[in-house]
Amino acid sequence: MANLRDPGRRSLLKTSLIAGGLSAGGLLSVDAFAQGKARINMQLGWIVGVNQIGEVVAKRMGFYEQEGIDFAIQPGGPNIDGVAIIASGRYEVGQVSSSPSIMLAVSQGLPIKCFAAGAQKHPYTYFSLAKNPVRKPADLIGKRVGIPSTAGILLRALLAKNKIAEKDVKVVSVGADMTPLLTGQVDVVTGWLTSTTAIKVLGPDRVEMTLWDAGVRLYALPYYAATKTLETQPKIIEAFLRATAKGWQHVRANRDQAVDMLVKEYPNLKREDERIAVDVMLDYSFGGAAQTQGWGAMDPAVWQEQITTYSELGQFTARTPKVEDVISLDALKATAAARAVKA
């Protein structure tokens, strides 16, 4: 699967330009719900992988159809500004890799809100080797840390959270490849624990320190929609959440079958790798708050914590948003029973 990265503020300048002049024209597709079937396009910020296995299964099992939804996944890529697409109303639902993208967009005036979280903890991880391990934040002192340019803010947040001076860590710019760690160019590389294809080259001696365990609590795979969609079409979002939760619950109980469905839908994926990845992904999807509040749950306190962290790091160039500006819990509350985690 793709080795995902938090896009940070990469596309926010472009998306902010449309903030003042959005039309509601794209919302017409969800009006069809009243006549029988609504079209839901889910715009991704990347290519499809195991992170969307619940949606793929829900579609192939007919769960969306049962909710009156004609569902389609719209893959993303480096030249696709998913936040702008959703904010403009062109498509109905979006998903980005990491929660900061949502709050940064909102801070610049984009009319979007997050309504559910696909992963209860962020899988972003700092990888090292057993011969030179980084098991806790303090171990980063004096180390060469290889990161892509978009991940610089994550490292800064980690260092600030643990009161480590930035000058005590040497940052080396690398791509998604893990090889620099194996060749000794760096002492640490980063990636997602769910990116099993990418990280398997590190072998069994790899040491993992997750961003979450290091004190920076971000959500991964947040679902979001235009504020107008959430306000005027709440039943659509609720129907989408019920069907999607059912898809993820089916994956949890039928993992081999689910991976078969994913690979059949997207033949470019390697079944062996995705089968390993789905076990890791499900731990993030159904752990934490999801155990008691159901799949998709999110905690306003976690959002406030990350807003505070990013504010302290000077990431909000326009304004610091409030939690209620960034998230809506209405759909989660309305679908609580359908999303409950089954034993």
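The values are calculated or read from the model by the stated rules, or taken from the named source; none is laboratory data. Treat the numbers as computed from the prediction; the structure is a model and nothing was measured. Counting neighbours? That spans all protein chains shown, and the Cβs are built from the backbone with ideal geometry, glycine included. Heavy atoms of the whole protein, side chains included, go into the accessibility calculation; ligands, DNA and RNA do not. Shrake-Rupley method; radii C 1.70, N 1.55, O 1.52, S 1.80 Å.
Kindly write out, for region 69-84 in residue order, the coupling ³J(HN,Hα) from the Karplus curve 6.51 cos²θ - 1.76 cosθ + 1.60 (θ = phi - 60°), rounded to whole Hz, with x marking Gly and Pro.
10, 9, 9, 8, 9, 10, x, x, x, x, 9, 10, 9, x, 4, 5
When N is the residue count of region 247-329, what does its C-alpha Rg come to as a fraction of 2.2 N^0.38 Å?
It is 1.50.
Could you work out how far apart the two model spin labels at Asp205 and Ile47 are, taking each label as a point 7 Å from the Cα in the direction of the beta carbon, and quote it in nm?
3.1
Pick from Tyr91, Tyr266, Tyr124 the residue whose mean-square fluctuation is largest in a GNM of the chain, springs joining Cα atoms under 10 Å.
In this elastic network of the chain, the residue with the biggest mean-square fluctuation among Tyr91, Tyr266, Tyr124 is Tyr266.
Could you state the orientation-averaged shadow area of the convex hull built on the Cα atoms of region 59-175, in nm² to one decimal? Walk me through the numbers before you get to the answer.
Working: hull surface 42.6 nm².
For region 59-175, the mean projected area of the Cα convex hull comes to 10.6 nm².
Direction-averaged shadow area of the convex hull around the Cα atoms of region 133-234, nm²? It would help to have the intermediate numbers written out before the result.
Numbers: hull surface 33.2 nm².
So the Cα hull casts an average projection of 8.3 nm².
To the nearest 0.05, what FRET efficiency results for Asn79 and Arg271 with a Förster distance of 22 Å applied to their C-beta separation?
0.15
Past 19 Å, Cα to Cα: identify those pairs from Lys143/Lys163; Lys59/Lys121; Lys235/Lys264; Lys246/Lys333; Lys143/Lys200, in the order given.
Table pairs above 19 Å Cα-Cα are Lys59/Lys121; Lys235/Lys264; Lys143/Lys200.
Give me the percent of Cα-Cα pairs in the chain that sit more than 29 Å apart, rounded to a whole number.
37
If amide H atoms are built 1.01 Å from N in the plane of the peptide, which residues on other chains or at least 5 residues away come under 5 Å of the amide H of Gly175?
Amide H neighbours of Gly175: none.
Within the set of other residues whose C-beta is less than 12 Å from the C-beta of Lys131, count the net charge using Lys and Arg as +1 and Asp and Glu as -1.
Working: positive: Arg206; negative: Asp187, Asp205.
Taking every other residue near Lys131 into account, the sum is -1.
What residues qualify as long-range amide H neighbours of Tyr126, i.e. H under 5 Å apart, gap of 5 or more or another chain, H built at 1.01 Å from N?
Met209, Thr210, Leu211
When the accessible area of region 107-174 is computed with all protein chains present and a 1.4 Å probe, what percentage of it is carbon and sulfur?
Here carbon and sulfur together make up 53 percent of the probe-accessible area.
Nearest 0.05, what FRET efficiency do Arg255 and Ser311 give at R0 = 51 Å with Cβ-Cβ as r?
On the way: r = 40 Å, r/R0 = 0.79.
The computed FRET efficiency comes out at 0.80.
For the chain, set up a GNM with springs between Cα atoms under 10 Å and report which of Val323, Val96, Val57 has the largest fluctuation.
Of Val323, Val96, Val57, the most mobile in the Gaussian network model is Val323.
Most mobile of Gly215, Gly296, Gly247 per a Gaussian network model of the chain (Cα springs, under 10 Å)?
The residue that fluctuates most here is Gly215.
Does region 212-257 come out rounded, prolate or oblate, given a ≥ b ≥ c as the square roots of the eigenvalues of its C-alpha gyration tensor, rounded meaning a/c under 1.5 and, failing that, prolate meaning a/b above b/c?
Judged from the Cα gyration tensor, region 212-257 comes out oblate (a/c at least 1.5, b/c at or above a/b).
How many percent of the accessible area of region 204-343 is carbon or sulfur, using a 1.4 Å probe? Present the calculation step by step, with values, prior to reporting the outcome.
Numbers: 2980 of 6140 Å².
C and S atoms contribute 49 percent here.
Starting from the Cα-Cα distance between Lys136 and Lys170, subtract it from 0.36 nm times their residue separation and give me the gain in nm to one decimal.
On the way: separation 34, 0.36 × 34 = 12.24 nm, distance 1.65 nm.
Length gained between Lys136 and Lys170: 10.6 nm.
Can you give the accessible area per residue of the chain, in Å², using a 1.4 Å probe?
40
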